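So the structure is just underneath, and the comments pick up after that.
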Amino acid sequence: MSNPFGFSGTHGVGKTTVSKELEARGFMVDTNSLPRAAQAALGWDSLRRVEESDANMWALQDMVLVMLAQRDKRIRQSGVITFVDRTPVDFVGYTFVWAERLGWNIDMVRFREYLDQCADACKGYDGQFFFPIRDEIPFVPEVNRGDLESREQNQQAMLEFMNIRGIDFHLVQSLDIEDRATEVLANLNLKGVK
């Protein structure tokens, strides 16, 4: 069995681009959008529905965690080294953003339980790679992507979560796509993965 290797970071920092580079080098990657799949499973026309209520936010986050667990289980059972674009770390960051947009009018006990679930799910990764916001990598707005103004808040929430929960991660420093992919693979070699 092989646990997945996760790519985390706010929107527009190059996770998917590096995933595509690793795929071109022959590695398995999963860049499926779990929030979009959860949105479809809930029958929603837009992820903005999450901002309508506490109940909607938790419905989405719970569905995302269910789908994440199913995805990661399939990867483990495959025994193939696989990189995934988004981990529980990312969903913590987005939950912070949505909670703030709801004015923190949410069940805080439920919020702490969710953080615990995400921390436990992070234990199922053989490695986590964090892609920080870099001025040298311009943000490109896209349909169905988070907005520019939420990026800093999202990143801060992710980093605080990983640091407070003691989640080990490699901070990706390279800028060039090929160099970033090479940096990820070099980190795997340090972990003894061939």
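Details
- Test: Ile167 is in contact with a Cys (Cβ under 7 Å, 6 or more places away or on another chain), more than 16 Å from Met57 (Cα to Cα) and outside any helix (DSSP H, G or I): yes
- Tabulated pairs, segment 36-65, first in contact (Cβ under 8 Å) with a residue 40 or more places away in the chain, second open to solvent by 40 Å² or more (accessible area, probe 1.4 Å) and assigned to a loop (DSSP other than H, G, I, E, B), C-beta under 9 angstrom, 6+ apart or interchain: Arg36/Asn144; Leu47/Asn144; Asp54/Asn105; Asp54/Asp107; Trp58/Asp107
- Where helices (runs of 4 or more DSSP H) fall wholly inside segment 1-119, the ranges with 2 or more residues that are farther than 20 Å from Glu152 by Cβ, open to solvent by 40 Å² or more (accessible area, probe 1.4 Å) and not aliphatic (A, V, I, L, M) are 15-24, 54-78.
- Inside segment 120-145, residues that are assigned to a loop (DSSP other than H, G, I, E, B) and surrounded by 19 or more Cβ atoms within 10 Å (Cβ to Cβ) make up a count of 2.
- Matching entry among Glu113, Glu100 (being over 23 Å from Val18 (Cβ atoms) and without any contact (Cβ under 8 Å) to a residue 24 or more places away in the chain): Glu113
- Going through (1) at pLDDT below 95; (2) at positive phi; (3) touching a strand residue (DSSP E or B) at 6+ places or on another chain (Cβ under 8 Å) one by one, Lys15 falls short only on (2).
The values are calculated or read from the model by the stated rules, or taken from the named source; none is laboratory data. Fair warning: this is a prediction, and the values are worked out from it, not measured in the lab. As a convention, Cβ positions derive from the backbone with ideal geometry for all residues, glycine included, and neighbour counts pool all protein chains shown. Note: accessible area is taken over every heavy atom of the protein model, side chains too, but ligands, DNA and RNA are not part of it. Shrake-Rupley method; radii C 1.70, N 1.55, O 1.52, S 1.80 Å.
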